[in-house]
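Each remark here refers to the structure printed beneath this line.
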Amino acid sequence: MLLLVGCTHKQTEEQAVVEDSLVWYPGRTFRYQDKFNDLHAKQHAVASVIGLSHPPKDREDAASMRKSLVEIETNDNYIVEDLTHSVPYLIPSAKKELDAIGAEWADILARNGLPHYRFYVTSVLRTQEDIKYLQRSGNINSVTQSCHCYGTTFDLAYMRYDKVTRTHMYMHEDNLKLVLGQVLLNHQRANKIFVKYEAKQSCFHITVRQ
């Protein structure tokens, strides 16, 4: 008789981890509306200078600008959502800043002994075609001269996160929002980014400053 051994590892891997230990980032809370109130006019003034020379008309036009843009992809620290009204490209300095935000996010979680999560990138480079579609759908934040049209701007969701670490520890979305908010506050204070807290869209609207 042939005896098979070691064939239960797949079952073990597929067993769900019981998340029964709530853990917290001990940072000081603050009012996001007060700290992150960099309005559109301020963000657009910078985006139109350091970003693409002109907003792309459509996806074909955006593709022709690829020499000025860098693709962003899902990695260990953030997830790029399936984008329906934007394309996953940023100018190099914006991509670098997004990666720096992700690295600091991961560092804070690790230094505090917390499980690793990824945040979501929900909007990136928009074409004028995307803007018109959003306006027709009733999106009140879709202005014609959007900062998203210059490759300098990205949105990060603040109420949804992807848990990576398989552990019994878990965190509330509100506390993860505080971690992300602290990272953005650090970068804002260092004059690296502008940030607008978008309550209705449940996101941080971010434009790089250089």
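General remarks:
- Simple spin-label estimate for K67 and D162 gives 3.3 nm between the two label positions (7 Å along the Cα-to-Cβ direction from each Cα).
- Sorted by Cβ density within 10 Å, fewest first, the residues E97, E104: E104, E97
- Here the chain is treated with +1 on each Lys and Arg Cβ and -1 on each Asp and Glu Cβ, and its dipole about the Cα centre works out to around 700 debye.
- Its Cα centre serving as origin, the range 25-84 has a Cβ charge dipole (Lys and Arg +1, Asp and Glu -1) of approximately 400 debye.
- When the chain is treated as a Gaussian network with alpha carbon springs shorter than 10 Å, the biggest mean-square fluctuation among L180, L134, L156 belongs to L134.
- Rg/Rg_globular for the range 71-210, with Rg_globular taken as 2.2 N^0.38 Å and Rg from C-alpha atoms: 1.04
- Unit charges on C-beta of K, R, D, E only; dipole of the range 61-155, Debye: 220
- Total formal charge among the other residues, if their Cβ is under 10 angstrom from that of P56, Lys/Arg +1 and Asp/Glu -1: -2
- Simple rule: put +1 on each Lys or Arg Cβ and -1 on each Asp or Glu Cβ in the chain, find the dipole, and look at N37, V70, V80; the Cα lying farthest toward the positive end is N37.
We did not get these values from a lab; they are worked out from the coordinates using the rules stated. Not measured: the values here are computed from a predicted model. Neighbour counts run over all protein chains shown; Cβ positions are idealised from the backbone, glycine included.
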